[in-house]
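Visitor: One structure, pasted below without further comment.
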Amino acid sequence: MRTQVLIIGAGPSGLLLGQLLHKAGVANLIVERQTGDYVLGRIRAGVLEQTTVDLLDEAGVGTRMHAEGLVHHGFELMFDGQRHHIDLSRLTGGKSVMVYGQTEVTRDLMEARAAVGEQTLYSASDVELFGFDGDQPGARCTVDGERITILCDYIAGCDGYHGVSRASVPASAIKTHEKVYPFGWLGVLSDTPPVSHELIYGRHERGFTLCSMRSPTRSRYYLQVPLSEQVGDWSDERFWNELRARMDPEAAAALVTGPSLEKSIAPLRSFVAEPMRFGRLFLAGDAAHIVPPTGAKGLNLAASDVRYLSQAFIEHYREKSEAGIEHYSARCLSRIWKAERFSWWFTSLMHNLPNEPEIDAKLHRAELDYLVGSDAAKAAMAENYVGLPV
Ligand code: RFL
Ligand code: PHB
């Protein structure tokens with residue numbers, strides 16, 4: 001088999017890249033380790049920046065998002081039993097974010113890909129990349145028991161944190177930076193109305209809380225838990241009681257509970273791999289970087305990588321220009337490090353560390369107080385939350 005751009009991974013990065021390349025007439029093939037249903041079963045991101053919304057529109061997959069997504073003009077910070085409104089639109093000159101689940105983005109992209117007849121090889125095992133340091137890159141993989149070879153011009157490694165692409169790069173050619181946080185997020189999805197019409201990020205002596213949503217009838221809640229916790233030890237009742245205990249009295253009284261549809265624990269990490277290009281192999285999305293989810297930046301960073309990468313390939317094929325390819329890594333990393341900084345800052349501000357010295361807790365408390373009392377501080381937070389320019 002032969003294609004122009006071989007994409008490894010059918011998560012949001014790979015599917016969005018495939019759709020943008022298809023629109024520009026660049027041939028592409030996606031190879032995915034899992035089945036399509038498995039990919040759609042992962043409950044992940046919920047908040048899209050305006051530039052991500054714009055890119056999904058450009059890819060021609062925005063119709064359902066605009067019909068069903070919820071435009072949010074602000075969110076709330078909850079601490080010391082009180083909630084404080086962060087008016088994103090007022091603080092950023094009219095910007096907003098879109099609450100629309102990653103599962104739905106992925107479904108829209110999969111359906112669009114099927115509709116235009118572009119090929120995705122699902123359940124592809126033992127993917128092995130070769131030749132990206134020379135002129136004839138490609139991959140071998142096993143599909144339906146048969147070992148196949150795919151030749152291409154370029155490989156886009158969109159295969160997430162645990163993928164094969166980054167792992168295929170010689171250790172001497174890549175530098176990684178990592179911080180693992182000593183806590184995780186226990187998430188619950190439930191068919192219950194959200195406790196508030198806006199997202200609530202809460203700091204509490206029992207731990208961080210996030211009240212999010214997928215629709216007016218479907219909620220997504222998260223609790224900070226120690227890394228040693230097991231999902232099996234969290235009955236729905238225990239989850240709801242703990243959530244209520246971390247809320248302000250008004251929210252606690254308004255909380256509607258119900259059976260969980262999904263419950264899982266995610267670890268939190270900050271991670272960056274540099275550079276993001278190795279000859280004819282390009283990393284994009286979680287394959288190259290991870291942010292802790294507190295700022296809702298992961299999927300949005302994946303989308304901005306894909307914006308730059310699709311532009312680079314399109315310039316190469318249409319205009320015979322290598323400029324986008326040459327600058328891909330530096331362009332991405334400049335935006336990535338700023339989002340890493342914001343996500344680390346917001347995570348540190350809102351979570352309790354085990355055995356945190358009292359002075360640190362007091363300093364965080366003072367920072368929150370300063371933040372909600374200062375328009376300048378709130379504007380800096382809002383500017384990052386809605387997304388820095390691409
Ligand atoms: P993905 O989604 O991990 O997709 C990678 C795909 O590659 C496949 N794969 C392989 N395929 C072939 N061969 C191999 N050897 C392969 N190895 C892996 C995988 O099966 C998979 O299908 O990466 P991608 O596309 O870069 O997308 C990144 C996003 O998924 C991620 O950044 C976000 O989910 C992060 N995130 C959030 N981001 C936001 O922007 N806003 C949020 O509100 C937000 N909330 C979250 C989040 C992530 C979370 N978790 C669980 C990590 C909340 C949570 C709880
Ligand atoms: C989510 O709805 O899953 C979500 C929302 C905001 C975040 C992280 C996750 O910061």
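Just so it is clear, none of the values below were taken in a lab; they were calculated from the coordinates. This is a predicted model, so every value here is computed, not measured. Counting neighbours? That spans all protein chains shown, and the Cβs are built from the backbone with ideal geometry, glycine included.
Visitor: Can you compute the FRET efficiency between Ser334 and Val143 using 1/(1 + (r/R0)^6), with r the Cβ-Cβ distance and R0 = 30 Å? Round to the nearest 0.05.
Guide: Values: r = 38 Å, r/R0 = 1.26.
Computed FRET efficiency for Ser334 and Val143 comes out at 0.20.
Visitor: Indicate the gyration tensor shape class of region 268-323 (rounded, prolate or oblate), computed on the Cα atoms with a ≥ b ≥ c the square roots of the eigenvalues: a/c under 1.5 is rounded; otherwise a/b larger than b/c is prolate and the rest oblate.
Guide: On the way: a/c = 4.41, a/b = 2.04, b/c = 2.17.
Taking the square roots of the gyration eigenvalues as a ≥ b ≥ c, region 268-323 is oblate.
Visitor: What distance in nm separates the simple spin-label points at Asp191 and Ile359, each placed 7 Å from Cα in the Cβ direction?
Guide: 5.3 nm
Visitor: Where a ≥ b ≥ c are the square roots of the eigenvalues of the C-alpha gyration tensor, would you call region 183-264 rounded, which needs a/c under 1.5, or, failing that, prolate if a/b is larger than b/c, or oblate? Spell out each step's value before the answer.
Guide: Numbers: a/c = 1.65, a/b = 1.22, b/c = 1.36.
Oblate, because a/c is 1.5 or more while a/b does not exceed b/c.
Visitor: Shifting gears a bit: Expressed as a rounded percentage, what relative contact order does the chain have, with Cα pairs under 8 Å and six or more residues apart? Walk me through the intermediate numbers first.
Guide: Details: 784 pairs, mean separation 79.1, N = 390.
The normalised contact order for the chain reaches 20 percent.
Visitor: Ordered by residue, what ³J(HN,Hα) values in Hz, to whole numbers, does region 16-33 give under the Karplus form 6.51 cos²θ - 1.76 cosθ + 1.60, where θ = phi - 60° and Gly and Pro are x?
Guide: Calculated HN-Hα couplings, in order: 5, 4, x, 5, 5, 5, 4, 4, 8, x, 9, 5, 8, 9, 10, 10, 10, 5 Hz.
Visitor: So, counting K/R as plus one and D/E as minus one, what does the shell of residues with Cβ under 11 Å around Glu326 add up to? Don't skip to the answer; put the middle values down first.
Guide: Working: positive: Arg277, Arg331; negative: Glu315, Glu322.
Charge balance in the 11 Å sphere: 0.
Visitor: A follow-up question, please. Between Phe75 and residues 5 or more places away or on another chain, which pairs have amide H atoms under 5 Å apart, with H built 1.01 Å from N, and which residues are they?
Guide: Counting only residues 5 or more places away or on other chains, the set is Ile86, Leu88.
Visitor: Also, I was wondering about something else. Report the charge-dipole magnitude of the chain in Debye, nearest 20, computed about the Cα centre from +1 at each Lys and Arg Cβ and -1 at each Asp and Glu Cβ. Write down the numbers at each step before the final one.
Guide: Values: 39 positive and 49 negative charges, 61 e Å.
Value, rounded to 20: 300 debye.
Visitor: Please find the FRET efficiency linking His66 to His327, where r is the Cβ-Cβ separation and R0 is fixed at 41 Å, and quote it to the nearest 0.05. Let's see the in-between values first.
Guide: Details: r = 32 Å, r/R0 = 0.78.
Given R0 = 41 Å and the Cβ-Cβ separation, E is 0.80.
Visitor: Relative contact order for region 204-342 using alpha-carbon pairs under 8 Å, separation at least 6, rounded to a whole percent?
Guide: On the way: 126 pairs, mean separation 21.2, N = 139.
Reported relative contact order: 15 percent.
Visitor: Determine the calculated [θ] at 222 nm for the chain from helices alone, applying -39500 (n - 2.57) to every DSSP H run no shorter than 4 residues and normalising by the residue count; nearest 500 deg cm²/dmol. List each step's numbers first, then the result.
Guide: Details: 13 runs with 149 residues, N = 390.
My calculation for the chain gives -11500 deg cm²/dmol from helical runs alone.
Visitor: Moving to a separate point now. Taking the Cα centre of region 7-165 as the origin, how large is its charge dipole in debye, to the nearest 20, when only Lys and Arg (+1) and Asp and Glu (-1) carry charge on their Cβ atoms?
Guide: 300 debye
Visitor: Run the paramagnetic zone check for Ala379: 7 angstrom along Cα to Cβ, then residues of region 65-108 with backbone nitrogen under 17 Å.
Guide: 86-96
Visitor: OK, next. Select from region 307-390 those trypsin sites (Lys or Arg not before Pro) which occupy a DSSP coil region and have at most 16 other Cβ atoms within 10 Å, ordered by residue number.
Guide: Lys320
Visitor: Using the Karplus curve 6.51 cos²θ - 1.76 cosθ + 1.60 with θ = phi - 60°, work out ³J(HN,Hα) for each residue of region 331-345 in order, rounded to whole Hz, and write x for Gly and Pro.
Guide: In residue order, the calculated couplings are 5, 5, 5, 5, 6, 4, 5, 5, 6, 4, 4, 5, 5, 5, 5 Hz.
Visitor: Averaging sequence separations of C-alpha pairs under 8 Å and six or more residues apart, then dividing by the length of region 291-390, give the relative contact order as a whole percent.
Guide: Values: 64 pairs, mean separation 30.0, N = 100.
Contact order relative to length: 30 percent.
Visitor: Moving on to the next point. Residue-wise, which Karplus ³J(HN,Hα) couplings in Hz belong to region 254-265, taking 6.51 cos²θ - 1.76 cosθ + 1.60, θ = phi - 60°, and x for glycine or proline?
Guide: 8, 4, 9, 10, x, x, 7, 8, 7, 8, 7, 10
Visitor: Considering only the other residues whose Cβ falls under 14 Å of the Cβ of Leu268, what net charge follows from Lys and Arg at +1 and Asp and Glu at -1?
Guide: Numbers: positive: Arg44, Lys179, Arg269, Lys297; negative: Glu178, Glu229, Asp286, Glu340.
Net local charge, Leu268 excluded: 0.
Visitor: Just to be sure I understand the model, the point goes 7 Å from the Cα along the line to the Cβ. What's the resulting Ala266 to Trp345 distance in nm?
Guide: Using points 7 Å along Cα→Cβ, the separation is 2.2 nm.
Visitor: Mind checking which of Ala124, Ala377, Ala288 has the largest fluctuation in a GNM of the chain, springs on alpha carbons under 10 Å?
Guide: Of the options given, Ala377 has the highest mean-square fluctuation.
Visitor: Then there's this: Angle, helix 236-245 long axis vs. longest principal axis of the chain, Cα atoms, 0 to 90°, nearest 10?
Guide: Helix 236-245 sits roughly 60 degrees off the main axis of the chain.
Visitor: In cubic angstrom, how much convex hull volume per residue do the alpha carbon atoms of region 1-145 span?
Guide: Details: hull volume 25.3 nm³, N = 145.
Taking only Cα atoms, region 1-145 has a hull volume of 174 Å³ per residue.
Visitor: Now for a separate question. Quick one: angle between helix 298-319 and the longest Cα principal axis of the chain, in degrees between 0 and 90, rounded to 10, please.
Guide: Relative to the chain, helix 298-319 is tipped by roughly 20 degrees.
Visitor: Sticking with this structure for a sec: Stretched out fully, how many nm does the piece from Gln34 to Arg318 gain, at 0.36 nm a residue minus the Cα gap? Please report the intermediate quantities before stating the final value.
Guide: Working: separation 284, 0.36 × 284 = 102.24 nm, distance 3.29 nm.
In short, 98.9 nm is gained.
Visitor: How much of the DSSP bridge set in the chain is antiparallel, in percent, rounded to the nearest 5?
Guide: Working: 55 of 73 bridges.
Around 75 percent of the beta bridges assigned by DSSP in the chain are antiparallel ones.
Visitor: Cα axis of helix 358-373 to longest principal axis of the chain: angle in degrees, 0 to 90, nearest 10?
Guide: Helix 358-373 sits roughly 90 degrees off the main axis of the chain.
Visitor: Assuming a ≥ b ≥ c are the square roots of the Cα gyration tensor eigenvalues, decide whether region 322-390 counts as rounded (a/c under 1.5), prolate (otherwise, with a/b larger than b/c) or oblate. List each step's numbers first, then the result.
Guide: Numbers: a/c = 4.97, a/b = 1.99, b/c = 2.49.
Here region 322-390 falls in the oblate category.
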